[in-house]
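Report on the following structure.
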Amino acid sequence: MRPWNRVIDPAIDHLAIQGNASDDSKFQMYASEYFSQITELLHKLPCVILLTLKTNNCLRAVNNALVSPLLPNLIMSHYHI
């Protein structure tokens with residue numbers, strides 16, 4: 001998990017993924033440890049929330065692939081109904 005100081009850092013790229021093998025193994029460990037709780041929570045969420053999460057994930061992936069200054073949250077808020 002990321003330290004709280006890094007999560008609240010005001011820099012624009014403070015949540016950029018700069019993963020290494022150690023981080024990957026931690027994420028895999030946490031995902032396998034909490035898989036049932038994550039799945040249960042996702043089943044309880046409305047479809048609109050799941051779609052929002054998935055869209056945000058896709059926009060972040062495109063942003064990282066293009067290395068562009070797009071702001072996924074700004075795009076999402078523009079088209080949010």
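Once the Cβ-Cβ distance of Leu53 and Asn20 is raised to the sixth power relative to R0 = 25 Å, the FRET efficiency obtained is 0.50. Sorting 22-30, 41-49 by average packing, meaning the other beta carbons within 10 Å per residue, from highest down gives 22-30, 41-49.
Read-outs throughout are calculated quantities, based only on the coordinates presented, and are distinct from any laboratory measurement. For clarity, every value in this text was computed on a predicted model and none was experimentally measured. Cβ: placed from backbone, ideal geometry, glycine included. Neighbour counts: every protein chain shown.
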